[in-house]
Each structure stands twice: as C-alpha cells, then as structure tokens.
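Encoded as structure tokens, the structure appears first; notes follow it.
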Amino acid sequence: MRKDRFRLLFLLLFAFVLAACGGDAAPVADSGGGDQAEQSQEAEAGGEEAVVEEETAVEEAPAEEGVVTIEFWHAMGGELGEVVDELVARFNDSQDKIVVNSTYQGTYDDTYNALLAAFETGTEPNIVQNFDLASQTMIDTGRLIPAYQLMNADGYDANVFVPAVRDYYSDANGMVSMAFNSSTPIAYYNVEMFEAAGVEPPAEGESWSVSEFMAACDAIQASGVPNCIALGQVGWYFEQILANSGGLYYNNNNGRTGRATEVVFNQGVGVEVFDFLSGLVANGYSPNLGNTWSDTDAVFFAKEAAIVFDSTAGARGFQDGAEFEVGTMFMPYADSAGERNGVIIGGAALWLIDSPDSAQDAASWQFMKFMAEEAQQVTWHTGTGYFPVRTDIRDNADLQTFWAENPNFVTAINQLETTKTTLSDVSPNYAVLGGRAGPAPAIRRYIVEAYSSVLDDGLSAQEALNLAAEKANVELADYNAFFGEETGSAAEQAAEEEVAEVVASAPEGALELEFWHAMGGELGEVVDELVNRFNASQSDIFVKATYQGTYDDTYNALLAAFETGTEPNIIQNFDLASQTMFDTGRLVPAHQLMAADG
C-alpha cells in the first residue's frame, strides 16, 4: 500500500527541534565484544541458523510527557547484540526527547517474518534491520519511507557513504534504506601453514586468480596440510566470486534496470566459478562438509585446513579464537575475467517503516542518522568486524590506532574500496552492485542444492546450474506475477507513456477542471480574466477557478483535500513549498508533460 508523503514538512520541522535538543554522543570506546562466527555467518547467509537466544530488548524507559518512543527490531544476537544495545543506550542517553526500544527478533528470516506478521496486526516497528537479499521485497511492501526522501528534505549528503554501500541500497531515486552493518567475504588463512608451504599471499590490493589459488592449494597440501580449504557449500561465495569475475546473477543488469525475470548465473563465467567451488570438494582440496557455516571454522581452528572463506564480520572471532596467527586476503576471481572486479555488499541496513504518527517518523530518522555517525560506526567496527560504512572515517585517530594493532580488519575495507563500481566507460558495474530480486533467498537455496547435484548425483557444473536456473526462474515468474514486472526505469517509462497518452487524447465533451489559487483582490480579478479567456478559446475544457485565501490557507486546504479525496486538478503554490510538493508523491511533473508534448 503506497502512502502519500505530504507529512514530510512537519517531519523535518520536528527533526530540527529534536536536533537542537540533542547532546554530544558518548566517547568512542572499544566494546570488547567479539563476533560469534556462526552469528556473523548467519547474517550473511540470510537465514542460516545462528545461536538461538531468548528474545531480548533494551530495558524500556518510562514514558514521559513530550517524549517520543519508537520501536527498533534487529537481528543481532550474542556479542553483536550487546554492541547494538550499547549504541541504543548511547542514543537514549544523548538526548531527552526520544526513547528507542530495541528488540532482538532472531535471525534475519525470523525478523523479516515477524515484520510481515506485524503488518497484518498493525504492530510493526518504526525501524527494522533487514538483510541485503530482502531489499527488493522490502521495497515491494509499499510500507517504507525511502531514506532518500528524508535525506533530500533534511539536506543529508548520501555521498558520505562508501560508494559500493550507497549504490547497493539505492534505486533510481537514491538510497532506500540507511546503511548500518555492511560486510563482505574475505579469505582467512593460517600464516604458519603458508610459510611452511612457501606460499606468499597476494600482494596488497590484489587477488589470486582461480589458477593461482589452485597452485597455492597444491603447494599447501604437498607440505602435509590435510586440506587446502574448509569450504561450506553455501550460495554466498558463489555470488561473490561470480561478481568478482564480472558475472551477472540476473538479467536486466542484475535486476537493477528492470525487474529480474531470469537468472543468468548458468551462463559464461558462472559455470567456471561453480566448477571451481564444487571442484575444491570433488577433487580433495576441502572436506565434504555440506551446507554449513560453523563446521568450516572448526576445521580451520583445528589446523586441518589452511584457508577458510568467511564474512569480514567474523574478523574479531577469528582473531580471538585461533591459537595461531591468522592472515586475511581478498577473494579470488575466474581466470577468464582477466582481473578482479570486487565484491558485493553483504550484511544489512536500517529500514524506516511508515507510521501514522509523523513524530515517530521524525524520531526514527534522528536515530537512523545517529547510527550512521562516525562515533557509532567506529564502535560498531572495532567491536564486531563489520566495516565502517562512511568514507570520512579513515582519519579517525582511534580507528588508526585500532587498525595498526589489528591489520586484519583493514583487509575488508581495502577490498571494498578497490571494488570497481563503474566500468572503464563510466557505466555502472552491475556485477558488483549486486543482484536484486524478490525471491533472492529462495534462489540462493537452489545454488546450495547444485553442490549436491555435482557431488552426490554426478552432474557437471553446467548441468547443476541449469537445474538451479529452471527452479529459480519459476520463483521469479511467480513473484513478478504478484508484484508486477515493472520497476525502476521500466516503471518510469510506463509513467511517461501514460502522460503522453493524456496529452495526445482530447476529451469527449466538456471536461471540468478545478484550479485553486491564492490571488485575492485585483490580482484575483486578473486571474479570473485569464481563466475566462481560456474557457472562451475552446469548448472541450472548462476551468473552474477558486480563491482559497493566503498561500498558507491554500496549502492547508490542499492537505485537507488529500485526506478526503477532494483535491483540485491544479494548484498555485508558493516557492518555499516546492520540496514539500515534490514529496507528496501526488504530482505529474511538468517536465514529463513538456517532453511528451514537445
């Protein structure tokens, strides 16, 4: 259900009042919280089981008169959740106008399902943390206030975010959600095993190709290490190495320039990538651990494998949990690509759910901005391993000291900052922007099944991916049949075509239009003269002009009319209301009519 956004003027006025009341944030401190490997991995898997915990919430403060209370649902359990609680408490302590109640809802799947159920009962939160693959579905709920609307109205510069993060969570208009806990995969390795095998990791800023990776594996296993790598048969690594190799997952430029209608991962470099991954198990370079995240870490920590792929959010857990020196390096790419492209953003973002209460929307926006501020991002990064989502954070003194003592945390940032978000012709690199499709979580499971098709059923990589593609395309067809196939530029084109049809077709009989204006006295008499002149010039259209009072009176009358469905066809509004008029979402922009009418 799409809601009008004409409340934005009040929302921002309220936000300015709240900003004036806020104090400085608490000093930055390392929370000391390490990331639980299985929890961080679950976050990237989008639904793999994590450590099961009781639903917890930050202790609710008693409501006071004039205090706005908002609900924030998240999916960070264990030590990650402790850092979230620390940040929420910091916000609540920093000012006295807003109280955030923070509630852990379980895994990403649990949190998303709880959100859908809450929509049905009217108990949805104000803000929800949701994972990367749910982006298209979140947009399709029609229940959001897109972040770009708030940013535009508030003068918030989205360019503060790392380009790859900003672009991942954007549509044609801008960012639809607020970046918060972003991560990518990296390769963790046992430094002692590499040295014993005479293997040098890739130079800083570079990746191994698949052939270079395999050469290192041969040397490692020749030195007596049982397994080169402990590989979990999950979909995420396939997606990431495919992107690093310049390959697309979906058609329509990865679902970025139109709704995805087919997968294309079973074409070209996708087969090469999946042959590499499934071959690591089939050819004895990795034990057959099945669809797992935590078992791979156990093998790595037991010194039975030299390498493991995992999330950058696990950096704290690997550093603190291993009884040997751990190094980190970039993810590999397929030889046919010629060079690395980079990785796709994982993790999650904060989504603002449209509330009937504009004060809650304004308060939610204040909290979302707070969570993206430098101080909070430093605490989050150092306490977890999720990388900072801001570009202006590298000069932070506390962070410089932390990185000098913990160099593995820098690998994730370097890998992302060198990701090629644009191609040599300056067009978007849709491979690393990531795929966007509603049924993405279900489609990822078909990649998991493809491993079994190769390892258990004897299919080739091509055959296994073809089978996965058939199932995935059914999911896409079913989803698109429900939500409609047009989105992004396709929807804009359809809207422009609709405008062109309006311009080109003359009405049958006289068409009466309502025109509200704010010109009184002699000014109003001139308006009436012009309207009468138009009516006399033709017989197809009759314009009824109505004086509504001052500009403020006219604007308030419009807002009231939106509520009752009695709004005019045309309204005269003053200059300062321009942004608010844009944000109502009720306009046909003049440029569309101009373009259609020549």
Out of all the residues in region 328-356, which are more than 20 Å from Pro163 (Cα to Cα) and touching a residue at least 60 places away in the same chain (Cβ under 8 Å)?
Thr328, Met329, Pro332, Tyr333, Ala334, Asp335, Ser336, Ala337, Leu352, Ile353, Asp354, Ser355
By residue number, the members of region 268-318 that are without any contact (Cβ under 8 Å) to a residue 12 or more places away in the chain and not small (Gly, Ala, Ser) are Asn283
Within region 281-331, the count of residues that are part of a helix (DSSP H, G or I) and either farther than 27 Å from Ser182 by Cβ or β-branched (Val, Ile, Thr) (or both) comes to 5
Out of all the residues in region 111-122, is one or more of a type in the set (Asp, Glu), modelled with pLDDT of 90 or more and in the same structural domain as Val68 (by TED's automatic domain parsing)?
no
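Per-residue answers, yes or no, for (1) under 24 Å from Asn266 (Cα atoms); (2) of a type in the set (A, V, I, L, M); (3) in a loop (DSSP other than H, G, I, E, B); (4) touching a Pro at 6+ places or on another chain (Cβ under 7 Å):
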{"site": "Leu352", "(1), (2), (3), (4)": "no, yes, no, no"}
{"site": "Trp380", "(1), (2), (3), (4)": "no, no, no, no"}
{"site": "Asp395", "(1), (2), (3), (4)": "no, no, yes, no"}
{"site": "Leu416", "(1), (2), (3), (4)": "no, yes, no, no"}
{"site": "Gly438", "(1), (2), (3), (4)": "yes, no, yes, no"}
{"site": "Pro441", "(1), (2), (3), (4)": "yes, no, no, no"}
{"site": "Arg444", "(1), (2), (3), (4)": "yes, no, no, no"}
Unique match (being within 14 Å of Gly342 (Cα to Cα) and among the aliphatic types (A, V, I, L, M)) among Val162, Val210, Val191, Val234:
Val162
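Listed here are the residues, each with its yes/no results for (1) in contact with a Phe, Trp or Tyr (Cβ under 9 Å, 6 or more places away or on another chain); (2) surrounded by fewer than 21 Cβ atoms within 10 Å (Cβ to Cβ); (3) among the hydroxyl-bearing types (Ser, Thr, Tyr); (4) touching a residue at least 12 places away in the same chain (Cβ under 8 Å).
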| residue | (1), (2), (3), (4) |
| --- | --- |
| Leu144 | yes, yes, no, yes |
| Met175 | yes, no, no, yes |
| Thr184 | yes, no, yes, yes |
| Ala196 | no, yes, no, yes |
| Pro201 | yes, yes, no, yes |
| Gly205 | yes, yes, no, yes |
| Ser223 | no, yes, yes, yes |
| Gln233 | yes, no, no, yes |
Say whether the condition of being surrounded by fewer than 19 Cβ atoms within 10 Å (Cβ to Cβ), touching a Pro at 6+ places or on another chain (Cβ under 8 Å), farther than 21 Å from Gly346 by Cα and among the small types (Gly, Ala, Ser) is met by at least one residue in region 66-81.
no
Scan of region 185-225 for residues that are in a loop (DSSP other than H, G, I, E, B), within 30 Å of Lys420 (Cβ to Cβ) and hydroxyl-bearing (Ser, Thr, Tyr), ordered by number:
Ser207
Check whether at least one residue in region 266-273 is in a loop (DSSP other than H, G, I, E, B) and within 16 Å of Trp236 (Cβ to Cβ), and report yes or no.
no
If you check Glu323 against the conditions, is it free of Cβ contacts under 8 Å to residues at least 60 places away in the same chain and within 29 Å of the chain's Cα centre (by Cα)?
no
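The values are calculated or read from the model by the stated rules, or taken from the named source; none is laboratory data. None of these values were measured; they are calculated from a predicted model. Heads up, the Cβs are rebuilt from the backbone with ideal geometry, glycines too, and the neighbour counts pull from every protein chain shown.
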